[in-house]
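Just so you know, all these numbers are worked out from the coordinates, no wet-lab data involved. Keep in mind that what you see is a predicted model, and the values were worked out from it rather than measured. Note that each Cβ is placed from the backbone with ideal geometry, even for glycine, and that neighbours are counted across all protein chains shown.
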Amino acid sequence: MKIWMISDTHLGCRTNSVMWIELIRSYFYEFFIPLIKKEANPKEDILYHLGDVFDNRQSINIAVQNLAIELFDELTKYFKEIHIIVGNHDIMKKNSTDITSVDCLKYMPKVYIHKHSTIKEYIIDGKVIKCALMPWQVDEQEELDFLSKKADYLFCHAEIKGHQMTNSIHNVVEDGVEINEFAGYKRVYSGHIHYGQHKVGTNIIYVGNPYQMTRSDISNTKGIYCLDLTTGKENFYENTYSPVFLKFYIDEILDVELSEFFKKIKGNFVDILVPSSYMGKYDINKLILLCSEYANRLDVIVNDDGGIDDIEEMQSDFNILNIAKTYIANSTYDDELKEKLLNSFIALYNECLNEQQNI
């Protein structure tokens, strides 16, 4: 008997982006479900979703809800049971788990929604294996009280101090529960933090989201964990299908064969960092247009500090807003005209963005 784990699917991410709806659907039908068909036993194996099925905690887009119902209905064919623990993005109220977006799935056969902590018992070769399921806790003391109960494994959606939030070693969880509160379990598997990781010297694994969703996921390997309750061994199945986020400096591109570079970026989300001094000296438009034919999305970032960690996520296929800001700032126009041009461009940019989101 095996327990398969997935977490933080965030259906409806990027403001219900049609592109992301299709990317997620494709992930399940082209990678996850074929993997399960090959490796899982539908009469014995169980799926645990470790929280944040949906992205928006206040409203669910009809297309997104339809995708969730479609996917979980399909997944019931390949698992004996499916257990969903409620994540912080699944609850409407921050201080209560009573109203959740995942309630739309509770009427499906073999699907169980866990709004409150519970312990499941499985008998393996005559031995009782206890699996604790702990959804997002709105009360810290209740969380600590539950963690004091004895179980072999913990599956949760929690903030645990000292773990990385992103690919930056300086961005760590400062609030939440102390690591030593989880010491009584053979292994802890948690959702909530998208950056998959196993902190050295601990029994805690953040399974991460199943596919890269933001620049913070750069170089973070995504995949699926599977725990064999009979042997206590776990397997990790890497997601080799979904697009990933890549970052290149313009000089890196100029030094390689373009055909090889195009293979590398094909279908992925690509940032190309260009020093502002290049904008007026070189015509890079042709290169950028060529690259954009291969990438799933291409952003040109005018940047002189060598990094993009603080650049917020952009919604357009090209980061023309940053380019326009840099061009206007470096122009010879007087300050009054610069301000008018920038305001006009931002208004036009937002108008186009709103039209794109309504398509």
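Could you tally the net charge around LYS130, taking each other residue with its Cβ under 14 Å from the Cβ of LYS130, Lys/Arg +1 and Asp/Glu -1? Net local charge, LYS130 excluded: +4.
Give me the percent of DSSP beta bridges within the chain that run antiparallel, rounded to the nearest 5.
On the way: 21 of 58 bridges.
In the chain, DSSP labels about 35 percent of beta bridges as antiparallel.
For the range 1-58, state which trypsin sites (Lys or Arg not before Pro) are in a DSSP loop and have at most 12 other beta carbons lying within 10 Å of their beta carbon.
LYS43
3J(HN,Hα) couplings calculated from phi for the range 235-241 with the Karplus curve 6.51 cos²θ - 1.76 cosθ + 1.60 (θ = phi - 60°) are, in sequence order, 10, 10, 10, 5, 7, 9, 9 Hz; Gly and Pro show x.
About its Cα centre, the range 2-238 has a charge dipole of approximately 460 debye under the convention of +1 per Lys or Arg Cβ and -1 per Asp or Glu Cβ, with nothing else charged.
Find the eigenvalues of the gyration tensor of the Cα atoms of the range 233-309, then list the square roots of 5 times those eigenvalues as equivalent ellipsoid semi-axes, largest first, in whole angstrom.
Numbers: eigenvalues 149, 45, 21 Å².
That gives 27, 15, 10 Å for the three semi-axes.
Projecting the Cα atoms of SER26, SER344, PRO109 onto the charge dipole of the chain, computed from C-beta unit charges around the Cα centre, puts PRO109 farthest toward the positive end. Cross-link reach is defined here as a Cα-Cα straight distance under 20 Å, omitting same-chain residues fewer than 8 places apart; for LYS263 the lysines meeting it are LYS247, LYS286. The ranking of TYR278, TYR206 from fewest to most other beta carbons within 10 Å of each one's beta carbon is TYR278, TYR206.
Rounded to two decimal places and with Rh computed the Kirkwood way over Cα pairs, what is Rg over Rh for the chain? Provide the component values of the computation, followed by the final result.
Working: Rg = 23.0 Å, Rh = 22.5 Å.
Here the Rg-to-Rh quotient is 1.02.
For a Förster distance of 41 Å, can you work out the FRET efficiency between the beta-carbons of THR76 and LYS281, rounded to the nearest 0.05? Spell out each step's value before the answer.
Details: r = 59 Å, r/R0 = 1.44.
The value I calculate is 0.10.
Under 16 Å of direct C-alpha separation, and excluding same-chain neighbours fewer than eight residues apart, LYS115 reaches these lysines: LYS93, LYS94, LYS106.
Of VAL188, VAL244, the sequence from fewest to most neighbouring Cβ atoms within 10 angstrom is VAL244, VAL188.
What share of the DSSP beta bridges in the range 74-182 is antiparallel, in percent to the nearest 5?
Details: 10 of 19 bridges.
Within the range 74-182, antiparallel bridges account for around 55 percent of the total.
Among ALA151, TYR195, ALA68, whose Cα projects farthest towards the positive end of the dipole of the chain, with charges put on the beta-carbon of Lys, Arg (+1) and Asp, Glu (-1)? Final value for the positive-end residue is ALA151. Between the DSSP loop rule and a limit of at most 16 other Cβ atoms within 10 Å, which chymotrypsin sites (Phe, Trp or Tyr not before Pro) in the range 61-152 are left? Sparse-neighbourhood loop chymotrypsin sites (Phe, Trp or Tyr not before Pro): TYR107.
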